[in-house]
1. Limited to region 371-380, what total is found for residues that are crowded, with 24+ Cβ neighbours inside 10 Å and out of contact with any Phe, Trp or Tyr (no Cβ under 8 Å at 6 or more places or on another chain)?
2. Among A48, A36, which is the only one that is farther than 16 Å from V137 by Cα, surrounded by 18 or more Cβ atoms within 10 Å (Cβ to Cβ) and not polar (S, T, N, Q)?
3. If you go through region 387-394 one residue at a time, do you hit one that is assigned to a loop (DSSP other than H, G, I, E, B), farther than 15 Å from Y305 by Cβ and within 11 Å of the chain's Cα centre (by Cα)?
4. Which numbered condition in (1) surrounded by fewer than 24 Cβ atoms within 10 Å (Cβ to Cβ); (2) out of contact with any Cys (no Cβ under 8 Å at 6 or more places or on another chain) is the only one that W64 fails?
5. Would you point out the residue of region 290-316, among those that are touching a Lys or Arg at 6+ places or on another chain (Cβ under 6 Å) and in a strand (DSSP E or B), that is farthest from D330 (Cα to Cα)?
6. Would you please name the residue that is surrounded by the fewest Cβ atoms within 10 Å (Cβ to Cβ), looking only at residues in region 409-429 that are of a type outside the set (A, V, I, L, M, F, W, C) and without any contact (Cβ under 8 Å) to a residue 60 or more places away in the chain?
Amino acid sequence: MSTTTIQFQRHLPLRADVDVLVAGGGPAGMAAAVTAAEAGASVYLAEAHTCLGGMGTAAQVPVWMPCTDGINFLAGGFGRRVVEALRAATGDPLCQGIDSEALKRVYDQQAAAAGVELSFQTRLVAVEVSGGRVQHVVCAAPSGLFAVRAQVYVDCTGNGDLAAWAGAAYEKGDDSGDLMPGTLCSVWCDIDWETWLAARSDDVQPDGQWLREAYEAGVFRVLDEHLTGMFRKGAHLGGGNIGHTFGVDGTDERSLTAALLEGRRQLAEYERYYREYVPGFERVRLVASGALLGVRETRRIRGEYTLTLDDYLDRASFDDEIGRYAYSIDNHPTRPGSETYQQHRQEFDRTFRYGPGESYGIPYRCLTPRDLTNVLVAGRCVSVDRMVHGSLRVMPGCFITGQAAGMAAALARAHDGQVKDVPVPLLRERLRAVGAYLPEA
């Protein structure tokens with residue numbers, strides 16, 4: 001690759017001058033934008049794609065992870081509103097699977113009702129910073145390049161792009177720099193779910209045996225025993241969270257391109273596998289793959305506090321906690337193999353499994369980048385170690401941190417945008433008032 005550089009300079013229109021800029025409209029960004037707007041802030045939300053919701057919509061991730069600890073609804077406030085609105089829209093009282101089209105409309109309605117100014121196909125491309133304070137960001141859209149200025153910037157990009165480009169320190173991957181694989185999620189039709197359920201009666205799950213047989217028969221190029229699964233979305237419809245694109249780096253477009261190509265190739269293999277080996281799937285057909293790759297891990301921005309595995313094991317509480325969560329640690333192995341898969345199963349199902357009512361606290365300091373003054377992070381780029389990231393990275397966790405970041409951003413207006421000057425007792429009081437689950441720390 002050429003190392004030649006060019007100078008690029010031009011005057012840009014200032015498209016918006018607001019209290020809060022939210023970069024990214026996934027579950028964290030939606031929670032942040034709506035919460036900040038309802039707290040009285042003017043908000044501009046820049047979303048790179050054609051809909052809100054990120055992984056649950058554009059990427060076709062088919063299922064929520066738990067919103068509760070088995071007793072308490074942990075994603076209270078914005079998360080509860082989304083789940084209840086989706087139940088009403090679909091008529092599904094359990095709301096276990098994700099109806100991506102209904103969820104898009106729910107997010108649209110939430111943003112409009114809160115008065116959030118937003119634009120799709122608007123990608124963050126540059127950040128201008130001085131003395132640890134972001135001055136403005138540059139976005140690219142079909143109309144061209146433009147700038148947005150705000151008092152407070154909330155990074156909900158998933159990759160931590162805004163914070164990292166502004167100079168915030170971050171960690172990425174494991175000790176060797178390896179990252180969890182991605183998954184190109186998918187939608188499938190013509191499934192006989194009743195036959196499938198009968199084949200899995202008495203909790204017998206013979207997927208591993210079938211996968212090995214298919215691999216030996218040449219159906220798969222790689223034996224990946226970690227089959228996350230096909231989730232029911234309707235009478236004969238399914239959502240596939242299947243296949244792993246190993247070695248992908250979600251911060252590198254070349255790596256993402258290779259992973260998307262590989263993911264589509266894998267789906268053809270899985271179509272043959274399901275038809276030939278899995279009861280009830282004899283006529284299954286791939287309808288669509290996600291418009292986005294499901295990326296599980298990239299940057300973790302270093303904040304004023306890093307939530308650690310010890311905190312997770314201690315079910316820790318903090319004076320500045322802005323929410324609590326309880327999902328088991330779900331770090332997909334960085335490479336295929338029986339040994340790595342069995343280690344994951346042991347950790348996820350037994351070693352780090354919580355009991356009903358147990359949870360860990362999330363400090364506000366995990367949302368405040370160490371090196372920046374008017375930036376907050378929310379979603380899977382918050383300040384946690386790699387093990388806790390495996391728990392908090394999922395959608396309900398994003399609702400919790402996004403809601404807190406949005407409320408803190410609104411409160412920071414009274415402090416010249418200085419997010420570390422936000423009074424924590426007031427932040428917690430305001431979060432409780434909108435429904436956040438916050439028992440006394």
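The values are calculated or read from the model by the stated rules, or taken from the named source; none is laboratory data. Everything numeric here is computed off the predicted structure, so don't read it as measured data. Glycine also receives a Cβ, built like all others from the backbone with ideal geometry; neighbour counts cover every protein chain displayed.
1. 5
2. A36
3. Within region 387-394, one or more residues are assigned to a loop (DSSP other than H, G, I, E, B), farther than 15 Å from Y305 by Cβ and within 11 Å of the chain's Cα centre (by Cα).
4. (2)
5. Filtering region 290-316 for residues that are touching a Lys or Arg at 6+ places or on another chain (Cβ under 6 Å) and in a strand (DSSP E or B), the one farthest from D330 (Cα to Cα) comes out as G303.
6. Result: P425.
Here is a yes/no grid of residues against (1) assigned to a strand (DSSP E or B); (2) outside the structural domain of D371 (by TED's automatic domain parsing); (3) over 19 Å from the mean Cα position of the chain (by Cα); (4) acidic (D, E):
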{"position": "A112", "(1), (2), (3), (4)": "no, no, yes, no"}
{"position": "E128", "(1), (2), (3), (4)": "yes, no, yes, yes"}
{"position": "R149", "(1), (2), (3), (4)": "yes, no, yes, no"}
{"position": "T157", "(1), (2), (3), (4)": "no, no, no, no"}
{"position": "A168", "(1), (2), (3), (4)": "no, no, yes, no"}
{"position": "A198", "(1), (2), (3), (4)": "no, yes, yes, no"}
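So that you can scan it fast, the table gives a plain yes or no per residue for (1) more than 30 Å from S289 (Cα to Cα); (2) in contact with a strand residue (DSSP E or B) (Cβ under 9 Å, 6 or more places away or on another chain):
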position: V137; (1), (2): yes, yes
position: A140; (1), (2): no, yes
position: G144; (1), (2): no, no
position: V152; (1), (2): yes, yes
position: D161; (1), (2): no, yes
position: D178; (1), (2): no, no
position: P181; (1), (2): no, yes
position: C185; (1), (2): no, yes
